[in-house]
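Student: Let me begin by handing over the structure; questions about it come next.
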Amino acid sequence: MSRIRARNTGPERMARAELRKAGHTGYRLHYAKSPGRPDVAFVGRRLALFVHGCFWHGCPYCKPRTPRSHTAFWQQKIATNKARDARKTAALRQAGWRVFTVWECRLRRSPARAMAGMIAALER
């Protein structure tokens with residue numbers, strides 16, 4: 001687990017590539033001054049993007065399997081991650097931010113479609 005990165009993961013880079021392809025630059029990465037420290041933040045527009053890995057955040061779409069060993073530990077870990085994600089999203093919304101969540105499986109399947117909501121919000 002020590003080799004698993006928290007920043008600049010493959011799905012994060014894919015999401016940022018889609019933003020650049022659509023012509024949207026000027027975002028901040030892991031912006032610490034906002035509640036929850038989103039993966040990508042458009043500070044002036046108060047838009048936040050979280051890019052979630054399916055296994056670590058318990059994807060509701062592909063429903064990844066729980067490992068067979070230490071099952072109780074992994075169920076607790078993923079439940080804790082989901083609770084933290086909900087707290088971060090609520091804190092950002094409370095502060096007046098619009099929050100988007102993109103899942104790794106959706107990005108891999110169709111990056112443009114996965115990022116469509118965020119890009120549409122940026123073009124308003």
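The values are calculated or read from the model by the stated rules, or taken from the named source; none is laboratory data. The structure displayed is predicted, hence computed values, not measured ones. We place every Cβ from the backbone using ideal geometry, glycine too, and count neighbours over all the protein chains shown.
Student: Quick check on this structure: which one of A48, A116, A121, A112 is at pLDDT below 95 and touching a Leu at 6+ places or on another chain (Cβ under 7 Å)?
Tutor: Being at pLDDT below 95 and touching a Leu at 6+ places or on another chain (Cβ under 7 Å) holds for just one of A48, A116, A121, A112, which is A121.
Student: If you check every pair at least six apart or on different chains, which have Cβ atoms under 8 Å apart with a residue in region 85-110 that is free of Cβ contacts under 8 Å to residues at least 12 places away in the same chain first and a residue that is surrounded by 17 or more Cβ atoms within 10 Å (Cβ to Cβ) second?
Tutor: These pairs meet every condition: R93/V99.
Student: Conditions first: (1) in contact with a helix residue (DSSP H, G or I) (Cβ under 8 Å, 6 or more places away or on another chain); (2) surrounded by 14 or more Cβ atoms within 10 Å (Cβ to Cβ). R46 passes all but one, so which condition is the exception?
Tutor: (1)
Student: For region 14-30, indicate whether the set of residues that are β-branched (V, I, T) and either more than 22 Å from R113 (Cβ to Cβ) or in contact with a Pro (Cβ under 7 Å, 6 or more places away or on another chain) (or both) is non-empty.
Tutor: For region 14-30, residues β-branched (V, I, T) and either more than 22 Å from R113 (Cβ to Cβ) or in contact with a Pro (Cβ under 7 Å, 6 or more places away or on another chain) (or both): absent.
Student: Further question on the same structure: Starting from region 38-52, keep only residues that are on the phi > 0 side of the Ramachandran plot, then list their pairs with residues that are at pLDDT 95 or above whose Cβ atoms are within a distance under 6 Å, requiring at least 6 positions of separation or different chains.
Tutor: Filtered contacts from region 38-52: R46/G96; R46/W97.
Student: Could you run through region 86-104 and say how many residues are part of a helix (DSSP H, G or I) and either on the phi > 0 side of the Ramachandran plot or surrounded by fewer than 17 Cβ atoms within 10 Å (Cβ to Cβ) (or both)?
Tutor: 6
Student: A follow-up question, please. If a residue must be out of contact with any helix residue (DSSP H, G or I) (no Cβ under 6 Å at 6 or more places or on another chain) and either closer than 18 Å to G58 by Cβ or not in a helix (DSSP H, G or I) (or both), how many such residues does region 110-124 contain?
Tutor: Final tally of qualifying residues: 3.
Student: Would you be able to say whether some residue in region 5-23 is surrounded by 15 or more Cβ atoms within 10 Å (Cβ to Cβ), among the small types (G, A, S) and within 13 Å of the chain's Cα centre (by Cα)?
Tutor: To start, the set of residues in region 5-23 that are surrounded by 15 or more Cβ atoms within 10 Å (Cβ to Cβ) comprises 9, 11-12, 14-16, 18-19, 22.
Subset that is among the small types (G, A, S): 15, 22.
Within this subset, residues satisfying the condition of being within 13 Å of the chain's Cα centre (by Cα) are 15.
Yes, that holds for at least one residue.
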